[in-house]
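What follows draws every value from the coordinates through simple rules; no lab data is involved. Just so you know, these numbers come straight off a predicted model, no measurement behind them. Note: ideal-geometry Cβ built from the backbone for every residue, glycine included; neighbour counts use all protein chains shown.
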Amino acid sequence: MGLDLDPRQRAMLEEMGVTVWQPLPPSQPQPPPVAAVEAAPQVVAATPPPPQRVAPPPPAPAPRPAPPPPARAPVAAPAAARPGGGATAQIGAWNALYPLPEDPALPTWLVLAESPGGELLAGDAGKLLDNMLRAAQLHRSARVYGAVVARDAAALPDGAALAAGLQQAVATHRPALVLAMGRLAAQSLLQSTEPLGRLRGQVHDWQGVPVLVTYDSAYLLRAQADKARAWADLCQALAVVGAGAS
């Protein structure tokens, strides 16, 4: 058996040179080897799959155009405003535009035109017409009678149908020429649907009386460039009257 010595006794024996053998303490059981910790599975960041290409949605079908509205039947123009409606267009009373004596040697002109004021020589359009007739010396060299042309009877309460009114004036004054100014007067008198530009520049006939067509003065106030054409028409009319007199 080993000696059960306390530390003091052991220290005394060591001082005396006595080697005290002491059995090794019983070996303590070693703890069982720790099993290797199972390595946690390494989390590897998964590589995201490549983005899949998504096919673009098919284009939306183009909206269908709305069907056109059903065609409307053309509405016939009132008879008074219809081109060539000479039987319904109205004409006012004839008035002498210049105070000249009744001289059989002087030729007579009949002037037909529209006039918003009801008188051919009224307003700015009337002043322009007066200047045109005076420039042609008609205030001295001819007896000039004028009448207003309108589209319906409401505009001329005392008017008459154009054909009847003109026929009476022709019988009374025996004109050398009729000057139709503007589209309404020209188309109604000649019973034509041709535009004014095609009716100009030629001598028409109305029951044996020569008729010339030109622009009305109200239009010329808006279209200054056509004044030269209107003057050419007046010069042609003077030539026609002069040829008839000779």
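Which ³J(HN,Hα) values, rounded to whole Hz and listed in residue order, are derived for segment 192-202 from phi using the Karplus coefficients 6.51, -1.76 and 1.60 in 6.51 cos²θ - 1.76 cosθ + 1.60 with θ = phi - 60°, glycine and proline given as x?
10, 9, 5, x, 4, x, 7, 7, 6, x, 9
Using θ = phi - 60° and the Karplus form 6.51 cos²θ - 1.76 cosθ + 1.60, what ³J(HN,Hα) does each residue of segment 117-128 get, whole Hz, x for Gly and Pro?
Rounded to whole hertz, the list is x, x, 10, 5, 9, 9, x, 5, 5, x, 5, 5.
When DSSP assigns beta bridges and you keep just the ones with both residues in segment 90-245, what percent turn out antiparallel, to the nearest 5?
On the way: 9 of 24 bridges.
Around 40 percent of the beta bridges assigned by DSSP in segment 90-245 are antiparallel ones.
Residues with beta-carbon under 12 Å from that of LEU234, excluding LEU234: net charge, scoring Lys, Arg +1 and Asp, Glu -1?
Residues near LEU234 contribute +3 overall.
Calculate, in nm to one decimal, what LYS227 and ARG140 gain on full extension: separation in residues at 0.36 nm each, minus their alpha carbon distance.
Numbers: separation 87, 0.36 × 87 = 31.32 nm, distance 2.21 nm.
This chain segment gains 29.1 nm when fully extended.
What is the order of ASP130, ASP152, ASP205, ASP6, fewest Cβ neighbours within 10 Å to most? List each step's numbers first, then the result.
On the way: ASP130 18, ASP152 14, ASP205 10, ASP6 7.
Taking fewest neighbouring Cβ atoms as first place, the list is ASP6, ASP205, ASP152, ASP130.
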